[in-house]
Amino acid sequence: MKYLITESKLDSIILQYLDNQDFIRFKNRESIYFVNSESDEYAQIRFDKDGRCYVSYDLYNEISMFFSLQDSDFDKVIVKWVENIIKMEVESIGVAPSSGYALVIPN
């Protein structure tokens, strides 16, 4: 049986999916990091104070596969989720390899 899900309903489901990740958030002077655990070396999401946001390839791929979506279909949903959490505007979003420099958590 197939179900028809409207775009707004799908957006809501993806937002709930991100909420259920229970990311731990911490920040330094320049960035806010979203991690799965305090011992993580790499963030799943990083937001820089200049408005740039980076999402790990693994998280991006996980959402894409779970919801059978093209990447560009959920960029705006991730941006909306980050903006709601940090109460700041995201200017741009990009995907970074999980072990990429953009997602390294400083000591």
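Select from the stretch 80-94 the residues that are of a type in the set (A, V, I, L, M) and surrounded by fewer than 18 Cβ atoms within 10 Å (Cβ to Cβ) and write down the one among them that is farthest from the chain's Cα centre (by Cα). Talk me through it step by step, then tell me what you get.
If we filter the stretch 80-94 for residues that are of a type in the set (A, V, I, L, M), which is where we start, we get 82, 85-86, 88, 90, 93.
Checking which are surrounded by fewer than 18 Cβ atoms within 10 Å (Cβ to Cβ) leaves us with 85-86, 88.
Details: I85: 11, I86: 12, M88: 14 Å.
The extreme case among them is M88.
Checking Y54 against (1) surrounded by fewer than 12 Cβ atoms within 10 Å (Cβ to Cβ); (2) at pLDDT 95 or above, which test does it fail?
All conditions are met except number (1).
On the basis of being surrounded by 15 or more Cβ atoms within 10 Å (Cβ to Cβ) and in a strand (DSSP E or B), does Y17 make the cut? Walk me through how you get there before you give the answer.
Numbers: surrounded by 15 or more Cβ atoms within 10 Å (Cβ to Cβ): yes; in a strand (DSSP E or B): no.
Considered against the rule, which asks whether it is surrounded by 15 or more Cβ atoms within 10 Å (Cβ to Cβ) and in a strand (DSSP E or B), Y17 comes out as no.
Assess whether N84 counts as being part of a helix (DSSP H, G or I) and modelled with pLDDT under 95.
Numbers: part of a helix (DSSP H, G or I): yes; modelled with pLDDT under 95: no.
The answer is no for N84.
Which one of these is at pLDDT below 95 and either touching a strand residue (DSSP E or B) at 6+ places or on another chain (Cβ under 6 Å) or assigned to a strand (DSSP E or B) (or both): F47, F26?
On the way: F47 fails: at pLDDT below 95.
Being at pLDDT below 95 and either touching a strand residue (DSSP E or B) at 6+ places or on another chain (Cβ under 6 Å) or assigned to a strand (DSSP E or B) (or both) holds for just one of F47, F26, which is F26.
Can you go through S39, S31 and tell me which one is more than 16 Å from the chain's Cα centre (by Cα) and free of Cβ contacts under 8 Å to residues at least 40 places away in the same chain? Break it down into steps so the answer makes sense when it comes.
Details: S31 fails: more than 16 Å from the chain's Cα centre (by Cα).
Going through S39, S31 in turn, just one is more than 16 Å from the chain's Cα centre (by Cα) and free of Cβ contacts under 8 Å to residues at least 40 places away in the same chain: S39.
Go through S31, S64 for me and flag whichever is more than 15 Å from V90 (Cβ to Cβ) and among the hydroxyl-bearing types (S, T, Y). Walk me through how you get there before you give the answer.
Numbers: S31 fails: more than 15 Å from V90 (Cβ to Cβ).
Just a single option satisfies the conditions, and that option is S64.
Determine the pairs where a residue that is within 8 Å of S56 (Cα to Cα), located within the stretch 93-107, has a partner that is of a type in the set (D, E, K, R) with Cβ atoms under 6 Å apart, the partner being 6 or more residues away or on another chain.
Cβ pairs passing all conditions: S98/D58; L103/R46.
Being in contact (Cβ under 8 Å) with a residue 40 or more places away in the chain and out of contact with any Pro (no Cβ under 6 Å at 6 or more places or on another chain) is the filter; apply it to the stretch 57-68 and report the residue that is surrounded by the most Cβ atoms within 10 Å (Cβ to Cβ). So that I can check it myself, show each step before the final result.
Initial filter on the stretch 57-68 (in contact (Cβ under 8 Å) with a residue 40 or more places away in the chain): 57-58, 63, 66-67.
Cutting the leftovers down to out of contact with any Pro (no Cβ under 6 Å at 6 or more places or on another chain) gives us 58, 63, 66-67.
Working: D58: 15, I63: 19, F66: 11, F67: 15.
Checking each candidate, the answer is I63.
Return the residues of the stretch 1-28 that are within 17 Å of V79 (Cα to Cα), of a type outside the set (D, E, K, R) and within 15 Å of the chain's Cα centre (by Cα); say none if nothing qualifies.
Those that are within 17 Å of V79 (Cα to Cα), of a type outside the set (D, E, K, R) and within 15 Å of the chain's Cα centre (by Cα): S12, I13, I14, L15, Q16, Y17, L18, N20, Q21, F23.
Exactly one of these conditions fails for D40: (1) more than 20 Å from V104 (Cβ to Cβ); (2) assigned to a loop (DSSP other than H, G, I, E, B). Give me its number.
(1)
The values are calculated or read from the model by the stated rules, or taken from the named source; none is laboratory data. Because the structure is predicted, anything quoted here is derived from the model rather than measured. Cβ coordinates were reconstructed from backbone atoms using ideal geometry, including for glycine residues, and neighbour counts include every protein chain displayed.
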